[in-house]
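Heads up, the thing below is written out as structure tokens.
The values are calculated or read from the model by the stated rules, or taken from the named source; none is laboratory data. Note that the structure is a prediction, hence the values are computed from the model and not measured. Cβ coordinates were reconstructed from backbone atoms using ideal geometry, including for glycine residues, and neighbour counts include every protein chain displayed.
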Amino acid sequence: MSKNLSELSGRKGLRENLFEELGIAATETGSVSKEKSEELAKEFLFGTANVYGTATFYDFLRPENKGKKVYVCNGSSCLTAGTQEKLRTQLGAEFKDEEIGEMCCLGRCHENSSFFFDGHNYSGNDIENIAAIKAGKKQPIDKYNVGRHGTAVLTCDFPGIDAFYKTLDKALQLTPDQLLAELKTSGLRGRGGAGFPIGFKLESCKNTKGDIKFIVCNADEGDPGAYSDRYLLEERPHAVLLGMIIAGYIAGANNGVVYIRGEYPEAIEITQKAIDDIRAKGFIGENILGSGFNYDFKIIRAQGAYICGEETALLSSIEGQRPEVRVRPPYPTQHGLFNKPTVVNNVETLACIRWVIENGGAAFAAIGRGKSTGTKLASLDSFFNKPGIYEVDMGTPLSVLVNDLGGGFRSSIKAMHIGGPLGGLVPVDKINDLTVDFESFSQNGFLLGHASVVCLPSEFPVIKYIEHLFQFTAHESCGKCFPCRLGSTRGYEMVDKAINTDYKMDRELFTDLITTMEIGSLCALGGGLPLPIRNALKYFENELGQYFS
Ligand SMILES: Cc1cc2nc3c(=O)[nH]c(=O)nc-3n(C[C@H](O)[C@H](O)[C@H](O)COP(=O)(O)O)c2cc1C
Ligand code: SF4
């Protein structure tokens, strides 16, 4: 069924996009009306039930979102910083209770107290000026540290569009095979979490027959605590776009889709402007620089669903289907967007391509450690003395990131949740054992993921954090497989009961539950949640023991 819907959606393709239409339909009131759903169902031949299933899935489209005017961030970093209760009270002075909604992680983890109003994000002390903000008299400001230890692949100065796109000219004079060979030599692995080599994906797509192919940039950056993709889209958008054009040239794809989360309104605006700028200069469009190669972009604004960061759910999302995870194989490089060969890559992965082509694959491979080549961006939250985005050579000691770049902690911390909600919970006494690379983290029972760092202050109960993780997963589960759909809800209920009553959890039952999620879930949402919970059980038994019988 979903394959048929993919074909059907491909009929109108990106030109007139059902998902985009649903977003537009919800702009005025905050949700899609029944009449509009029916109208769109007819227009796109999708069936009312399918359109209803899609519209009610997303935080920003569903009926409960109607009438919301301001949104409080409920992400992990704002939670552990403890800023949101006061923020909500302060917002209450200007907005009715029913006008205040929630969004999950606005990427303002460097100062917290984050909220979204009228197409912009605010944080830190902004709430003190809420009346002026509401009256349109105050513009948002966003300042955080940017630094590095090692090579500047992604944080290097931007020399201007013309100088930067000289690499495009260079690339188009080489053959797709030559460029592919450089990327393979570079050892560049996906930065979105799984660490899959980009060269293999591009080669697979290149070798799959098809007139229409896509390069999709996964800019859904849903991991609470991560804002490095936001940094790239807002501060270095041309690195991402140029990477996508070169990837398209290699794979034989003429279409680039940038799927950007709705929680990043500024990133959407800036990326669109960057696309317009390069169109005006002839770096996209027909017959680019006389090469015969055509390429163009489309931005899709996401509508608030963590699971859309999972690549197959993301593709269903663009197609206007309910974003359920797809069973693989077939892989997107064979049957991807609208059933066409598609490469999905993370923002940071794509942003590395220009450096590789400019400096050579071997130069990139010379940076880093073992199979983790190149550099990695890390996002540090407000518990650091110098919160911000830092680029480090893979293999850099974690202590350098924490102490030298981040300036150490500004208050007492007991653990760092690194790599998003599905990443490991690293106790502070492990800082000296780890280096920032895929292998070091996995060998020590953690996960580098996207390298976001959310701190757990000493006074924050670990059990409350576990409850938060279960609740997050229960809310974000796509519902396709029962270990995740039921397991996350049952886990939340158990932990909530243990916190709020005399109930003691049966340890065997609890272990069975997370083991079932781990081995039985279709994707890494349900399958990955047990990792931080196991870490918590291993390192914080002194706190958690009291909740078990
Ligand atoms: C629940 C879940 C959420 C994910 N969220 C993201 C995300 O926000 N951004 C991202 O690039 N990859 C995310 N991924 C990983 C993607 O499925 C995919 O591996 C990635 O986009 C591939 O790009 P890469 O090879 O460049 O990392 C997520 C995976 C899962 C299971
Ligand atoms: S693990 Fe969760 S999010 Fe992933 S497919 Fe199963 S239900 Fe969906």
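Could you please find all residues in the stretch 515-543 being surrounded by fewer than 19 Cβ atoms within 10 Å (Cβ to Cβ) and more than 14 Å from ligand 1 (Cβ to nearest atom)?
Of everything in the stretch 515-543, those that are surrounded by fewer than 19 Cβ atoms within 10 Å (Cβ to Cβ) and more than 14 Å from ligand 1 (Cβ to nearest atom) turn out to be THR515, THR516, ILE519, GLY520, ARG534, LYS538, GLU541, ASN542, GLU543.
For the stretch 58-142, which helices (runs of 4 or more DSSP H) that fit wholly inside it have 2 or more residues that are of a type in the set (Val, Ile, Thr) and outside the structural domain of ILE413 (by TED's automatic domain parsing)?
Result: 130-134.
Quick one: would you say PHE482 is in contact with a strand residue (DSSP E or B) (Cβ under 7 Å, 6 or more places away or on another chain) and over 22 Å from LEU79 (Cβ atoms)?
Spelling it out, it is not the case that PHE482 is in contact with a strand residue (DSSP E or B) (Cβ under 7 Å, 6 or more places away or on another chain) and over 22 Å from LEU79 (Cβ atoms).
List pairs: first in the stretch 121-141 and in contact (Cβ under 8 Å) with a residue 60 or more places away in the chain, second assigned to a loop (DSSP other than H, G, I, E, B) and surrounded by 20 or more Cβ atoms within 10 Å (Cβ to Cβ), Cβ under 6 Å, 6+ apart or cross-chain?
What qualifies is ASN121/LEU106; ASN121/ARG108.
Assess whether ALA305 counts as being small (Gly, Ala, Ser) and surrounded by fewer than 24 Cβ atoms within 10 Å (Cβ to Cβ).
Taking the combined requirement at face value, the residue does not satisfy it.
If you take the residues in the stretch 193-222 that are buried (at least 21 other Cβ atoms within 10 Å of the Cβ) and under 16 Å from the mean Cα position of the chain (by Cα), which one is nearest to ALA365 (Cα to Cα)?
Of everything passing the filter in the stretch 193-222, GLY193 is nearest to ALA365 (Cα to Cα).
Among the residues that make up the stretch 496-508, is at least one of them at pLDDT 95 or above, within 15 Å of ligand 2 (Cβ to nearest atom) and on the phi < 0 side of the Ramachandran plot?
So far as the stretch 496-508 goes, no, none of its residues is at pLDDT 95 or above, within 15 Å of ligand 2 (Cβ to nearest atom) and on the phi < 0 side of the Ramachandran plot.
Which residues, counting only those in the stretch 25-62, are under 25 Å from the mean Cα position of the chain (by Cα) and exposed (fewer than 14 other Cβ atoms within 10 Å of the Cβ)?
THR27
Residues ILE318, ILE389, ILE353: which one is under 26 Å from HIS110 (Cβ atoms) and more than 16 Å from ligand 2 (Cβ to nearest atom)?
On inspection, the qualifying residue turns out to be ILE389.
Taking the criterion of being under 27 Å from ASP118 (Cα atoms), crowded, with 18+ Cβ neighbours inside 10 Å and at pLDDT 95 or above, would at least one residue in the stretch 283-297 satisfy it?
For the stretch 283-297, residues under 27 Å from ASP118 (Cα atoms), crowded, with 18+ Cβ neighbours inside 10 Å and at pLDDT 95 or above: present.
Picking from GLY124, GLY147, which residue would you name as being in contact with an Asp or Glu (Cβ under 6 Å, 6 or more places away or on another chain) and not aromatic (Phe, Trp, Tyr)?
The unique qualifying residue is GLY124.
Could you please give the count of residues in the stretch 469-482 that are surrounded by 20 or more Cβ atoms within 10 Å (Cβ to Cβ) and away from ligand 1 (no atom under 14 Å from the Cβ)?
1
Scan the helices (runs of 4 or more DSSP H) fully inside the stretch 432-519 and keep the ones with 1 or more residues being among the β-branched types (Val, Ile, Thr).
The qualifying helices (runs of 4 or more DSSP H) are 462-476, 482-500.
In this structure, is GLY23 modelled with pLDDT under 95, of a type outside the set (A, V, I, L, M, F, W, C) and either closer than 18 Å to GLN303 by Cβ or touching a helix residue (DSSP H, G or I) at 6+ places or on another chain (Cβ under 8 Å) (or both)?
no
If you go through the stretch 223-237 one residue at a time, do you hit one that is within 13 Å of ligand 1 (Cβ to nearest atom), surrounded by 24 or more Cβ atoms within 10 Å (Cβ to Cβ) and of a type in the set (Phe, Trp, Tyr)?
Yes, there is a match, as at least one residue in the stretch 223-237 is within 13 Å of ligand 1 (Cβ to nearest atom), surrounded by 24 or more Cβ atoms within 10 Å (Cβ to Cβ) and of a type in the set (Phe, Trp, Tyr).
From the list GLY107, GLY92, pick out the single residue that is on the phi > 0 side of the Ramachandran plot and either without any contact (Cβ under 8 Å) to a residue 60 or more places away in the chain or in contact with an Asp or Glu (Cβ under 8 Å, 6 or more places away or on another chain) (or both).
Going through GLY107, GLY92 in turn, the sole match is GLY107.
Residue check, ILE466 against (1) over 26 Å from TYR331 (Cα atoms); (2) surrounded by fewer than 23 Cβ atoms within 10 Å (Cβ to Cβ); (3) more than 16 Å from ligand 1 (Cβ to nearest atom), all met but one. Which one?
So ILE466 meets the others, but not (2).
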